[in-house]
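Report on one structure; see the data block that follows.
What follows draws every value from the coordinates through simple rules; no lab data is involved. All values derive from a computational prediction rather than experimental measurement. Positions of Cβ are backbone-derived with ideal geometry, glycine not excepted, and every protein chain shown enters the neighbour counts.
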Amino acid sequence: MGKLFYVMGKSSSGKDTVYEELLTRSELGLKPYIMYTTRPIRAKETDGVQYHFVTEGQLRAMQEKGQVIELRSYNTVYGIWYYFTADSEAVDMEHCSYLALGTLESYQKIRGYYGEDRVVPVYIEVEDGNRLERALKRERKQAVPNYDEVCRRFLADQKDFSEENIQKAGITRRFLNNDDRQVCMDEIAEFIAGETGLS
């Protein structure tokens, strides 16, 4: 029986980098579980890798077919962006284990869909000052930096990932990514290997 390891954390916690590296570790045998968004693609992103980038029309069509498992909307300075998970024939939870990337809210909905025994949280934590520095550094690399959006996301994450919400989601283990990212990734890889019976 496969499992879905769900990577999450506040913005700029390094979860994207951790997710990408874990997928390269062939010994873990993880397949990517790709989610969907209507937000514009960012520099260095590829459709079908970080997300499936779709239009709102495509989202509505998938909803009409009953394919959407969970849907979130964010009122950004650019308008409303949607993030969602869809059931796909490409996902074979009976024989494969997957790695997903998302929010605390989406984790809870996915866990409700597949079951608590199948969905395993991987929560990454970074000290807030360090996180804010990383966010600013990343935004400066964009063609048109938008610092209002950085601030909005930072404040929204403080609320979304409150201690109360983390406890409600049943998350007890945290992986610290403040200093040496390699140490954090090795700890997560060891944890996943243990959960899948590889260690």
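Charges on Cβ only, +1 for Lys and Arg, -1 for Asp and Glu, centred on the Cα centroid of the chain; of 172, 40, 8, which one is farthest towards the dipole's positive end? Most positive-ward Cα: 40.
Treat each spin label as a single point 7 Å out from the Cα along the C-beta direction, and report the residue 117 to residue 140 distance in nm. Those two pseudo-labels are separated by 5.1 nm.
Could you tell me which residue out of 76, 62, 161 lies farthest along the dipole of region 4-195 toward its positive end? Charges go on the beta carbon: Lys and Arg +1, Asp and Glu -1, centred on the Cα centre. Value computed over the given set: 76. Shown here for region 128-199: trypsin sites (Lys or Arg not before Pro) in loop regions (DSSP other than H, G, I, E, B) with at most 14 other Cβ atoms within 10 Å, namely 141, 173. In a DSSP loop and with at most 13 other Cβ atoms within 10 Å, the trypsin sites (Lys or Arg not before Pro) in region 57-100 are 65. Please list, by residue number, every one of the GluC sites (Glu not before Pro) in region 99-129 that is coil in DSSP and has at most 14 other beta-carbon atoms within 10 Å. Filter output for region 99-129: 116, 127. Between residue 64 and residue 24, the modelled labels are 4.2 nm apart [label points 7 Å from Cα along Cα→Cβ]. Annotation: amide H of residue 3 within the under-5 Å range of 97, 98, sequence separation 5 or more or interchain, hydrogens built in the peptide plane.
About its Cα centre, the dipole of the chain is roughly 560 debye, where the only charges are +1 on Lys and Arg Cβ and -1 on Asp and Glu Cβ.
Which percent, to the nearest 5, of DSSP beta bridges fully inside region 47-199 are antiparallel? Around 65 percent of the beta bridges assigned by DSSP in region 47-199 are antiparallel ones. Relative contact order of the chain: 33 percent, from C-alpha pairs under 8 Å at least 6 residues apart in sequence. About its Cα centre, region 1-113 has a charge dipole of approximately 340 debye under the convention of +1 per Lys or Arg Cβ and -1 per Asp or Glu Cβ, with nothing else charged. Placing one equal scatterer on every Cα of region 1-97 and applying the Debye formula, the log10 ratio I(q)/I(0) at q = 0.12, 0.16, 0.17 Å⁻¹ is -0.45, -0.80, -0.90. For region 150-199 versus region 11-63, the inter-centroid distance based on Cα atoms is 18 Å.
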